[in-house]
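Let me begin by presenting the structure, written as structure tokens, before commenting on it.
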Amino acid sequence: MSAQVVLVRNGFVLLLGLVLGSVFLPVEGRAQSLGQNPTFRENFYDVGIRDNRCWIVGYYGTILHSRDRGLTWEVQTSGTKEALFRVSFVNPENGWISGSYGTILRTRDGGGRWELQQAPTTEHLFGLNFLNERIGWAVGSRGTILYTENGGLTWVDRSLGEDVILNDVAFINRREGWVVGEFGRIYHTVDGGQSLVKQKSPIEVSFISGENRNLFRLLLLRPEGDGKGLMNSWAFGLDGVILKTREGGQWEVVHKNGSTSSAATLHHLFDAEVYSGRKWAVGERGTVVFAGVRDEEWVPVGLDTPPVSLNGIAFGLDGLGLIVGNRGVVLRTEDGGEKWDRIRIISQGPGKGISRVQ
């Protein structure tokens, strides 16, 4: 393990241990495990869906791609051995991936070719958000915030200048967005990230407290009615904490450490998504929870999955959804989450296509 990773504290160490698992294991360990079992058992960290096309990213530069709603899969060449944490596609052809040590990849042809972009950082990039083919942001360790307005040909460094880990970034337009991360911090911008204002977070703790209060993911739902203001948006983090905004943008705790009547979970929540108004979140130990269109009560979904971290969730057209996690876990739904099936992706040899079996 590198010195950079050893020296980071509290939340980041926890994030690596729970979410990333074997990111920093030696290459030999990976090769041996694949040789013993042809099933892909990589740690998968994120999934993206555009129309009927799907991408899974993970450990050691892994990129998997499906053209047929996850029925069959192929390996795409990433050109890197770094861990890949987030994937963001704005349409079926144009997408980006962020990863460890400042890695940013871009494709213009749905992943037929991935190009390494030059980022002005070597920090780990945990959050990634693109609005269109030109405008995007990436955030990560040591307060890193990067911005591009030309599709990543060049990235502008807008970092905080603070030693704080930023886990996610989400914008509702090119000017207004939010960033969440370590110590329960929430930042807000109305000028595209040129300046960030730290909002009042109901779970924020100080660095010297020694407490872990990480927020890992944002779920910004589109405003209702006249479309003004931020309404009904969520943040997810350690110990099953769930925050929600009220009118005026104030954040409140919906579920925290069992202190409410919510039936949700005490397990960490790493990603969230919405489909047909129903909100979903996934996390450690196989945790899956959801809430109805207007509900604040999050209900656990009992799925037959191993107790590993589920790190990413995405939905596409006509009820298609995928959940991915550590040790190659992939769950698939065709009906918007009413039923989830576990699928296994089987290797057919280096550089060849791969198929899945249930």
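How long are the semi-axes of the ellipsoid equivalent to segment 98-240, from square roots of 5 times the Cα gyration tensor eigenvalues, in whole Å, largest first?
Details: eigenvalues 120, 78, 36 Å².
In descending order, the three semi-axes are 25, 20, 13 Å.
Given a Förster distance of 51 Å, report the FRET efficiency between Thr154 and Ile208 from their Cβ-Cβ distance, rounded to the nearest 0.05.
0.85
Quick check on my link table: of Lys200/Lys279; Lys244/Lys279; Lys198/Lys244, which ones sit more than 21 Å apart, alpha carbon to alpha carbon?
Details: Lys200/Lys279 24 Å; Lys244/Lys279 12 Å; Lys198/Lys244 16 Å.
Checking Cα-Cα distances, Lys200/Lys279 exceed 21 Å.
Quick query: amide H of Asp46 versus all other amide H atoms, modeled in the peptide plane; which residues come in under 5 Å with a sequence gap of 5 or more or a different chain?
Val57
Let me check I've understood the local charge: for Val180, count other residues with C-beta under 12 angstrom from its C-beta, Lys and Arg +1, Asp and Glu -1. What total comes out?
Result for the local shell: +1.
I'd like the distance between the alpha-carbon centres of segment 271-308 and segment 143-187, rounded to an integer number of Å.
Cα centres, segment 271-308 to segment 143-187: 26 Å.
Going by a ≥ b ≥ c, the root eigenvalues of the Cα gyration tensor, does segment 87-159 fall in the rounded group (a/c under 1.5), the prolate group (a/b larger than b/c) or the oblate group?
Working: a/c = 1.91, a/b = 1.58, b/c = 1.21.
Verdict is prolate for segment 87-159.
At 7 Å along Cα-to-Cβ for each site, give me the label-to-label distance between Arg174 and Val197 in nm.
So the two model labels end up 2.2 nm from each other.
At a Förster distance of 41 Å, what's the computed FRET efficiency of Glu334 paired with Leu266, Cβ-Cβ distance as r, to 0.05?
Efficiency at R0 = 41 Å is approximately 0.85.
For Glu252 and Glu296, compute 0.36 nm times the residue count separating them, minus their Cα-Cα distance, and round to one decimal in nm.
Gain on extension, Glu252 to Glu296, equals 14.7 nm.
Bear in mind these aren't lab numbers, they're just calculated from the coordinates by the rules spelled out. Predicted model only: the values in this text are computed from it and were never measured. Don't worry about glycine lacking a Cβ; one is built from the backbone with ideal geometry, like all the others, and counts go over all protein chains shown.
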